[in-house]
1. Can you send over the carbon and sulfur percentage of the accessible area for region 1-78, probe radius 1.4 Å, protein chains only?
2. In percent, how large is the relative contact order of region 1-103, given Cα pairs closer than 8 Å and 6 or more residues apart?
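The values are calculated or read from the model by the stated rules, or taken from the named source; none is laboratory data. In this text the structure is predicted, and so the values were computed from the model without any measurement. Please note that ligands, DNA and RNA were not included when accessible areas were found on the heavy atoms of the full protein model with its side chains. Shrake-Rupley method; radii C 1.70, N 1.55, O 1.52, S 1.80 Å.
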Amino acid sequence: GTRGAEALIRRGLPACPQLEELHLSPHRVGAEGAVRLAKALAEHPPQSLSFISGVALGAYVHTLGLPHDLSAEDNEAVLDALRRVKSAAASTARREARAHEEGDGEESNEPAKKKRRSEAPPS
């Protein structure tokens, strides 16, 4: 049930980074467990995982923030979409961090420059 899915999320998936296939029983995981598993996969999609049975991830595309048209796709397509989203988010975060680092010198001095200008006596 949900507790088994939670254990899998907390201990099983992190301990098996090379996991390729995951076979689940839909009656054992349950809807809540499937949602939790789907969210965990969205956060940390294992790169080697290529097959999941027993849970239809397409049923949770809305919960995962994926396009509705993936709801009819198989688990492999949903996993691929999760990896693309995660990869794009990581790229954006790296780009923003670089831009922030490169702009720190000028941007961080702007408030001080404005303050000095406003404190300067009128000419």
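1. 53 percent
2. Relative CO of region 1-103 lands at 25 percent.
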